[in-house]
1. Which count do you get for residues in the range 12-29 that are touching a Gly at 6+ places or on another chain (Cβ under 6 Å) and under 19 Å from residue 79 (Cβ atoms)?
2. Is there any pair with a first residue in the range 89-104 that is in a helix (DSSP H, G or I) and a second that is surrounded by 11 or more Cβ atoms within 10 Å (Cβ to Cβ) and polar (S, T, N, Q) whose Cβ atoms are under 8 Å apart and which are 6 or more apart or on different chains, and what are they?
3. In contact with a Leu (Cβ under 7 Å, 6 or more places away or on another chain), surrounded by 17 or more Cβ atoms within 10 Å (Cβ to Cβ) and in a helix (DSSP H, G or I) - does that describe any residue in the range 4-13?
4. Counting just the residues of the range 30-50 that are open to solvent by less than 80 Å² (accessible area, probe 1.4 Å) and more than 20 Å from residue 73 (Cα to Cα), which one comes out modelled with the highest pLDDT?
5. Please count how many residues of the range 51-65 are part of a helix (DSSP H, G or I) and either at pLDDT 90 or above or more than 17 Å from residue 97 (Cβ to Cβ) (or both).
Amino acid sequence: MDTLISVALITGAGFCFMLANLVMKTMGGTPFYVLYPAITITFAAGAYFEVEALKQAQLGYAITFILGCELLLSLAIAILFLGEAYSASNLVGIALVVIGIALLHLPNERDVAQRDDPIRSQTFP
């Protein structure tokens, strides 16, 4: 998952999922025939990016990174554009989640062993 392409795909998935949530939040009074296609398109784009990222990264790492990316993007949009406010304890909780995700991505002995094993280090087409 260390490649720039993997990070771009994961970030793209997180962005699309965040955008779908933003559409659902802000378009409450919009007719369903406009709202549903917009949500479907953003979720489908996010799913595409996620599938492509999963071909290159481990499942657990990719999913947690996508969720973390979606969390941070949603938080930024909520604060900057929607004017939402969060308490200090909310922000500490969010920081702990982000720190947890970062800790999952630190290399460990098993990752090094898999990298050196030609069978376990394969990516799928």
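1. So the first thing to find is which residues in the range 12-29 are touching a Gly at 6+ places or on another chain (Cβ under 6 Å), and the list is 13, 16-17.
Among the residues that remain, those that are also under 19 Å from residue 79 (Cβ atoms) are: 17.
Looking only at that region, the number is 1.
2. 101/64; 104/64
3. Quick first cut of the range 4-13, residues in contact with a Leu (Cβ under 7 Å, 6 or more places away or on another chain) only: none.
Checked against the condition, which is being in contact with a Leu (Cβ under 7 Å, 6 or more places away or on another chain), surrounded by 17 or more Cβ atoms within 10 Å (Cβ to Cβ) and in a helix (DSSP H, G or I), the range 4-13 yields no hits at all.
4. Only one residue tops the list, namely 37.
5. Of the residues in the range 51-65, the ones part of a helix (DSSP H, G or I) are 51-54, 59-65.
Pick out the ones that are also either at pLDDT 90 or above or more than 17 Å from residue 97 (Cβ to Cβ) (or both) and you get 51-54, 59.
Going through the range 51-65 one residue at a time, the tally reaches 5.
The values are calculated or read from the model by the stated rules, or taken from the named source; none is laboratory data. Note that this is a predicted model, so its numbers are computed, not measured. No Cβ is skipped: glycine too gets one built from the backbone with ideal geometry, and neighbour counts run over all protein chains shown. Heads up: the accessible areas ignore ligands, DNA and RNA and are worked out on the full protein's heavy atoms, side chains in. Shrake-Rupley method; radii C 1.70, N 1.55, O 1.52, S 1.80 Å.
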